[in-house]
Amino acid sequence: MKKNANYEINFATNTITVTKRFLAAASEMGNDAYQTMKKLRDLGMTICVKEIHRGPCKENRYSYKRMERFLENVEDPNYLAEFKVRKYAEYESSRRAYDTCAMNTTSH
């Protein structure tokens with residue numbers, strides 16, 4: 001198997017996998033990508049486009065603001081109060097850990 005940043009040749013499956021960006025660049029005549037694509041097509045292998053699997057959208061990720069908005073709509077106000085206390089405690093413990101680490105590095 002031969003790999004390149006823009007394409008991958010797999011002799012076992014007789015395929016060439018190219019990226020969408022490379023395919024778009026190869027559609028313009030006269031550039032290096034076009035010349036490379038011509039050579040790849042001359043090999044007589046099947047050309048496939050590489051699919052990129054992206055993660056979830058940023059708006060769908062969990063965040064403190066989204067959790068607070070959710071807990072504001074819950075009937076029991078204790079959930080929101082407890083969440084804010086835990087969030088503050090987590091912030092304070094991480095800050096103390098950073099301060100302790102900074103103090104240990106400066107004392108040498």
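Rule-based calculations on the coordinates, nothing more; no lab input. Owing to the predicted nature of the structure, the values given are computational and were not obtained by experimental measurement. Note that we place each Cβ from the backbone using ideal geometry, even for glycine, and neighbour counts take in every protein chain shown.
In what sequence, highest mean first, do 12-23, 35-46 appear when ranked by Cβ atoms within 10 angstrom?
12-23, 35-46
When we measure straight from the Cα of K39, which aspartates and glutamates land under 19 angstrom away, once same-chain ones fewer than 8 places off are left out?
The reachable aspartates and glutamates, counting only those whose Cα sits under 19 Å from K39, are E8, E28.
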